[in-house]
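Step one of this worksheet: look at the structure below.
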Amino acid sequence: MCGIVAYLGKKTAQPILIEGLKRLEYRGYDSAGVAVLANGTVRIQKTKGRISALEEILEPPQETENLGIGHTRWATHGEPNTTNAHPHLDYTGKIAVVHNGIIENYATLKTWLQNEGAVFASQTDTEVIANLIGYFYANETADSQQNKFESAVQRALRELHGTYGLAILCADYPDMLIGAKKGSPLILGVGSSEYILASDAAAIVEHTTRAIYLSDNEMVIATSKGFHTKTIANVTVTKDLKEIEFSLEQIELGGFEHHMLKEIFEQPNVLATCMGGRLDKANNQIKLGGIASYLRELTRTKRFIMTACGTAFHAGLVGEFIFEQLARIPTETEYASEFRYRNPIIEDQTVVIAISQSGETADTLAAVEQAKERGATVLGIVNVVGSSIARATDAGIYLHVGPEIGVASTKAFTAQVTVLAMLAIEMGRRRHISSAEAETYIDELAKIPEKIRTILDESDHIKQIAAANVNEENWLFLGRGFNYPVALEGALKLKEISYIHAEGLPAAEMKHGPIALIVNGMPAVFIATEGPQYDKIMGNIEEVRARGGKTIVVATEGDRNIEKHADHLVLVPRTPEIFQPLLTVLPLQLLAYHAAVLRGHDVDKPRNLAKSVTVE
Ligand code: G6P
């Protein structure tokens with residue numbers, strides 16, 4: 001949520017900031033801006049709208065402008081307009097700040113600063129940070145250990161309640177860039193004689209793959225002579241340089257029209273990578289290095305709680321069903337935003353599993369903290385290596401699917417389900433399923449990537465289905481058992497990017513209300529693959545048809561009965577019921593994608609959404 005990029009080095013800052021912002025635009029895109037230090041003064045250029053709108057108003061940069069900060073915004077405080085766009089300059093005109101997060105005590109600080117003579121131009125909480133630093137900079141003398149700028153930032157940070165990822169520059173310090181982090185990610189890329197400070201490695205990899213990841217309550221001070229890190233309480237911390245694990249190629253479109261489509265089509269390869277080295281066919285077992293030392297505890301645990309938001313929550317629901325089927329351990333899936341504020345009962349031997357693509361979702365992170373405080377063992381299933389949730393959990397399993405840029409999550413969902421399935425097989429194997437059963441599951445899981453390829457071949461056919469229904473404003477998605485969470489996910493995908501109203505439901509629940517919505521021509525997407533509930537869902541399909549609804553049915557290859565029940569049909573290969581979500585979700589991802597493109601929407605940057613929700 002919001003992208004931050006800053007540069008200090010020998011090159012001209014502005015073009016580097018703009019390139020970086022383009023790579024981060026998926027984090028927020030309602031306004032954007034840059035500030036560079038130009039001949040001892042701060043020059044800020046910002047506008048409402050996308051980076052492309054910012055580019056149109058930019059003045060030509062000068063070679064001597066080697067320090068700058070940039071921001072692409074997802075509005076929290078204050079409407080998305082040019083005044084509220086970042087960077088924000090303090091009332092003395094010396095301090096410029098870009099910020100990701102929320103300052104909870106901003107109103108109190110604002111009143112206090114106004115009484116002290118500070119003037120505010122925007123409605124943002126960020127301007128409070130700029131003015132607070134500006135106030136301390138103007139009114140306090142630094143101690144002998146620190147320069148005045150660093151001292152003022154540190155003093156200001158101690159007053160802030162809430163979350164922040166910050167990049168800050170000062171007109172009097174042309175060779176100094178300061179960053180600080182609490183609750184929002186911040187990474188310092190360390191190049192040869194240059195630094196890129198960013199909220200996301202995607203803005204850094206073009207310049208360097210060596211970086212330090214700041215922890216909460218830490219700040220970094222970079223100059224041409226080097227950098228140092230410390231806590232805001234002024235305790236020096238030594239950070240190791242880490243290698244950023246993904247390449248530029250992974251974050252580029254590679255010939256696809258959108259990141260979302262690229263990521264849908266990447267699924268066979270990335271799921272194979274996710275399983276790579278983990279499926280030990282020779283010994284009929286699953287190797288999950290990250291949690292190896294916890295496996296005994298897991299197999300003896302009395303209860304699992306999965307916690308997550310959005311698409312990751314739907315993956316958790318699928319995982320719940322697979323855990324109960326294979327491991328026979330009671331499992332519940334909770335929205336992290338609910339779990340964190342309840343008074344959850346965490347008994348001895350409760351294991352909490354947090355699922356998150358970004359590893360930065362504020363609610364999921366808070367749920368992790370809540371579970372830890374109550375004594376649970378907390379595991380993470382996370383994609384972004386070194387992210388906050390990955391670090392906050394006791395142990396975890398990475399997805400290893402590479403960066404996901406499309407705001408609507410696709411490959412992360414199938415990878416999350418794959419990881420949960422692997423964990424369930426291993427626990428099942430250690431508890432009660434036979435070696436032969438484990439072997440069958442491992443073999444079948446290994447076949448999933450190839451089966452997904454055959455569904456991807458149906459993309460054009462699915463596009464035609466989307467075209468035939470794209471003008472309908474209300475859709476239903478219905479599934480039973482393992483495919484009930486897939487129905488939820490299909491509806492979410494369609495809502496997110498095509499702005500069509502959609503509801504996902506367990507198919508039998510339709511009769512308890514939503515059936516009243518069905519009118520002539522209303523699309524109802526059924527997941528009606530083979531399984532114990534097949535006949536039941538046929539009944540539900542007929543209930544919709546009897547009321548004039550149009551049925552788009554996802555069924556199993558070789559089903560000879562289904563054609564007469566479907567206005568539109570997509571067939572997926574056969575797989576054990578527990579793995580069906582890994583296949584049945586594909587047509588729904590493609591359906592949402594094509595519907596959104598046909599409606600003319602920017603699929604990778606849907607309105608009002610952000611890829612990583614780092615605020616409550
Ligand atoms: C946002 C994204 C969703 C994602 C959710 C959870 O709402 O738009 O695509 O599913 O956050 O994100 P996480 O990174 O925790 O999986």
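The values are calculated or read from the model by the stated rules, or taken from the named source; none is laboratory data. Since the model is a prediction, treat every value here as computed from it, not as a measurement. Every residue, glycine as well, gets a Cβ built from its backbone with ideal geometry; the counts of neighbours run over all protein chains shown.
Quick grid of which residues meet (1) assigned to a helix (DSSP H, G or I); (2) surrounded by 24 or more Cβ atoms within 10 Å (Cβ to Cβ); (3) not charged (D, E, K, R):
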site: Leu132; (1), (2), (3): yes, yes, yes
site: Ala138; (1), (2), (3): yes, no, yes
site: Gln146; (1), (2), (3): no, no, yes
site: Val153; (1), (2), (3): yes, yes, yes
site: Ala156; (1), (2), (3): yes, yes, yes
site: Glu159; (1), (2), (3): no, no, no
site: Tyr173; (1), (2), (3): no, no, yes
site: Gly179; (1), (2), (3): no, yes, yes
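Of these, Gln533, Gln589, which one is closer than 24 Å to Glu444 by Cβ and within 16 Å of the ligand (Cβ to nearest atom)?
On the way: Gln533 fails: within 16 Å of the ligand (Cβ to nearest atom).
Checking each option against the conditions leaves just Gln589.
Whether any residue in the stretch 358-371 is surrounded by fewer than 22 Cβ atoms within 10 Å (Cβ to Cβ) and within 13 Å of the ligand (Cβ to nearest atom) is what I want to check.
As a first pass, look at the stretch 358-371 and keep what is surrounded by fewer than 22 Cβ atoms within 10 Å (Cβ to Cβ): 366, 369-370.
If we keep only those that are within 13 Å of the ligand (Cβ to nearest atom) too, we end up with 366.
Yes, the conditions are met somewhere in the stretch 358-371.
List every residue pair whose Cβ atoms lie under 6 Å apart, where the two residues are 6 or more positions apart in sequence or sit on different chains, the first residue falls within the stretch 123-141 and is over 17 Å from Thr108 (Cβ atoms), and the second residue, located anywhere, is buried (at least 24 other Cβ atoms within 10 Å of the Cβ) and charged (D, E, K, R).
Close Cβ pairs satisfying both conditions: Gly134/Asp90.
Whether any residue in the stretch 295-303 is touching a helix residue (DSSP H, G or I) at 6+ places or on another chain (Cβ under 7 Å), over 17 Å from Gly428 (Cβ atoms) and of a type outside the set (A, V, I, L, M) is what I want to check.
No, the stretch 295-303 has no match at all.
Matching residues to (1) part of a strand (DSSP E or B); (2) within 30 Å of Asp363 (Cβ to Cβ):
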| residue | (1), (2) |
| --- | --- |
| Arg43 | yes, no |
| Thr47 | yes, no |
| Glu56 | no, no |
| Glu59 | no, no |
| His71 | yes, yes |
| His77 | no, yes |
| Ala85 | no, yes |
| Val98 | yes, yes |
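Mind listing just one residue for me: the one in the stretch 75-96 that is touching a strand residue (DSSP E or B) at 6+ places or on another chain (Cβ under 7 Å), aliphatic (A, V, I, L, M) and under 13 Å from Thr124 (Cβ atoms) and, of those, surrounded by the fewest Cβ atoms within 10 Å (Cβ to Cβ)?
Leu89
Test Ser247 against the criterion of being more than 16 Å from the ligand (Cβ to nearest atom), exposed (fewer than 14 other Cβ atoms within 10 Å of the Cβ) and either closer than 29 Å to Ile187 by Cα or of a type in the set (Lys, Arg) (or both), and give yes or no. Explain how you work it out, then say what you get.
Values: more than 16 Å from the ligand (Cβ to nearest atom): yes; exposed (fewer than 14 other Cβ atoms within 10 Å of the Cβ): yes; either closer than 29 Å to Ile187 by Cα or of a type in the set (Lys, Arg) (or both): yes.
Taking the combined requirement at face value, the residue satisfies it.
With the requirement that a residue be closer than 16 Å to Asp443 by Cβ and β-branched (Val, Ile, Thr), what does the stretch 277-296 give you?
Passing the criteria: only Ile286.
Taking Leu67 as meeting all but one of (1) under 20 Å from Cys2 (Cα atoms); (2) in contact with a helix residue (DSSP H, G or I) (Cβ under 7 Å, 6 or more places away or on another chain); (3) touching a residue at least 60 places away in the same chain (Cβ under 8 Å), write down the number of the exception.
(1)
I'd like to check something: does the stretch 548-563 contain any residue that is buried (at least 16 other Cβ atoms within 10 Å of the Cβ), over 34 Å from the mean Cα position of the chain (by Cα) and among the charged types (D, E, K, R)?
Here is the first cut: in the stretch 548-563, the ones buried (at least 16 other Cβ atoms within 10 Å of the Cβ) are 549-556, 559, 562.
Cutting the leftovers down to over 34 Å from the mean Cα position of the chain (by Cα) gives us 549, 559, 562.
If we keep only those that are among the charged types (D, E, K, R) too, we end up with 559.
Checked against the condition, which is being buried (at least 16 other Cβ atoms within 10 Å of the Cβ), over 34 Å from the mean Cα position of the chain (by Cα) and among the charged types (D, E, K, R), the stretch 548-563 yields at least one hit.
What residue, among those in the stretch 45-74 that are aliphatic (A, V, I, L, M) and surrounded by fewer than 18 Cβ atoms within 10 Å (Cβ to Cβ), is farthest from Asp175 (Cα to Cα)?
Ala53
I need the full set of residues from the stretch 354-388 which are at pLDDT below 95, more than 15 Å from Phe339 (Cα to Cα) and of a type in the set (A, V, I, L, M), in order please.
Val384, Val385
Mind telling me which of the residues Glu324, Glu297 ends up being of a type in the set (D, E, K, R) and either within 16 Å of the ligand (Cβ to nearest atom) or free of Cβ contacts under 8 Å to residues at least 12 places away in the same chain (or both)?
On the way: Glu297 fails: either within 16 Å of the ligand (Cβ to nearest atom) or free of Cβ contacts under 8 Å to residues at least 12 places away in the same chain (or both).
Answer to the selection: Glu324.
If Ile16 satisfies every condition in (1) touching a residue at least 24 places away in the same chain (Cβ under 8 Å); (2) touching a helix residue (DSSP H, G or I) at 6+ places or on another chain (Cβ under 7 Å) but one, which is the exception?
Going through (1) touching a residue at least 24 places away in the same chain (Cβ under 8 Å); (2) touching a helix residue (DSSP H, G or I) at 6+ places or on another chain (Cβ under 7 Å) one by one, Ile16 breaks only (2).
For the stretch 114-129, name all the residues that are surrounded by fewer than 22 Cβ atoms within 10 Å (Cβ to Cβ) and assigned to a helix (DSSP H, G or I). Quick ask: steps written out before the conclusion?
Of the residues in the stretch 114-129, the ones surrounded by fewer than 22 Cβ atoms within 10 Å (Cβ to Cβ) are 114-123.
Listed by number, the residues that qualify are Gln114, Asn115.
Which condition breaks for Cys309 when tested against (1) in contact (Cβ under 8 Å) with a residue 60 or more places away in the chain; (2) away from the ligand (no atom under 16 Å from the Cβ); (3) closer than 21 Å to Leu582 by Cα?
So the condition that Cys309 fails would be (2).
Would you check if there is a residue in the stretch 16-31 being under 28 Å from the mean Cα position of the chain (by Cα), modelled with pLDDT under 95 and of a type in the set (S, T, N, Q)?
yes
What are the residues in the stretch 37-49 that are closer than 20 Å to Ala167 by Cβ and either in contact with a Phe, Trp or Tyr (Cβ under 9 Å, 6 or more places away or on another chain) or among the small types (Gly, Ala, Ser) (or both), if any?
Filtering the stretch 37-49 for residues closer than 20 Å to Ala167 by Cβ gives 37-38, 40-47.
Correct list: Leu37, Ala38, Gly40.
If a residue has to be within 11 Å of the ligand (Cβ to nearest atom) and either out of contact with any Gly (no Cβ under 6 Å at 6 or more places or on another chain) or farther than 23 Å from Lys611 by Cβ (or both) to count, how many in the stretch 344-357 make the cut? Outline the logic, then answer.
We begin by selecting, within the stretch 344-357, every residue within 11 Å of the ligand (Cβ to nearest atom); these are 354-357.
So of that shortlist, the ones also either out of contact with any Gly (no Cβ under 6 Å at 6 or more places or on another chain) or farther than 23 Å from Lys611 by Cβ (or both) come out as 356-357.
The qualifying residues number 2.
Please count how many residues of the stretch 592-616 are touching a residue at least 60 places away in the same chain (Cβ under 8 Å) and within 16 Å of the ligand (Cβ to nearest atom).
Step one: filter the stretch 592-616 for residues touching a residue at least 60 places away in the same chain (Cβ under 8 Å), giving 592-599, 601, 603-607, 609-616.
Subset that is within 16 Å of the ligand (Cβ to nearest atom): 592-593, 596, 601, 603-607, 609-616.
Qualifying residue count for the region: 17.
Pull up the stretch 421-476, narrow it to residues that are aliphatic (A, V, I, L, M) and outside any helix (DSSP H, G or I), then point me to the one that is surrounded by the most Cβ atoms within 10 Å (Cβ to Cβ). Full working, then the answer.
Residues of the stretch 421-476 that are aliphatic (A, V, I, L, M), as a first pass: 421-425, 427, 433, 436, 438, 442, 445-446, 448, 452, 455-456, 462, 465-468, 470, 476.
Cutting the leftovers down to outside any helix (DSSP H, G or I) gives us 433, 470, 476.
Details: Ile433: 19, Val470: 19, Leu476: 26.
Going through the qualifying residues, I end up with Leu476.
Within the stretch 494-521, track down each residue that is crowded, with 18+ Cβ neighbours inside 10 Å, of a type in the set (Gly, Ala, Ser) and more than 16 Å from the ligand (Cβ to nearest atom).
Ala507, the sole residue that qualifies.
Find the strands (runs of 3 or more DSSP E) located wholly in the stretch 500-605 whose residues include 3 or more that are closer than 21 Å to Glu473 by Cβ, and list them. Show your work before the answer.
On the way: elements: 501-506, 523-527, 550-556, 568-572.
Result: 501-506, 523-527, 550-556.
With respect to the numbered conditions (1) within 23 Å of Thr299 (Cα to Cα); (2) among the aliphatic types (A, V, I, L, M); (3) in a helix (DSSP H, G or I); (4) within 16 Å of the ligand (Cβ to nearest atom), which one is the sole condition not fulfilled by Ile397?
Result: Ile397 fails condition (3) only.
Against the definition (free of Cβ contacts under 8 Å to residues at least 60 places away in the same chain, among the acidic types (Asp, Glu) and out of contact with any Leu (no Cβ under 7 Å at 6 or more places or on another chain)), how does Glu252 come out, yes or no?
On the way: free of Cβ contacts under 8 Å to residues at least 60 places away in the same chain: yes; among the acidic types (Asp, Glu): yes; out of contact with any Leu (no Cβ under 7 Å at 6 or more places or on another chain): yes.
Spelling it out, Glu252 is indeed free of Cβ contacts under 8 Å to residues at least 60 places away in the same chain, among the acidic types (Asp, Glu) and out of contact with any Leu (no Cβ under 7 Å at 6 or more places or on another chain).
Residues in the stretch 327-343 that are away from the ligand (no atom under 16 Å from the Cβ) and of a type in the set (A, V, I, L, M, F, W, C): how many? Lay out the reasoning, then the answer.
Going through the stretch 327-343, the residues away from the ligand (no atom under 16 Å from the Cβ) turn out to be 327-332, 341-343.
Now narrow it down to the ones that are of a type in the set (A, V, I, L, M, F, W, C): 327, 329.
So the count comes out to 2.
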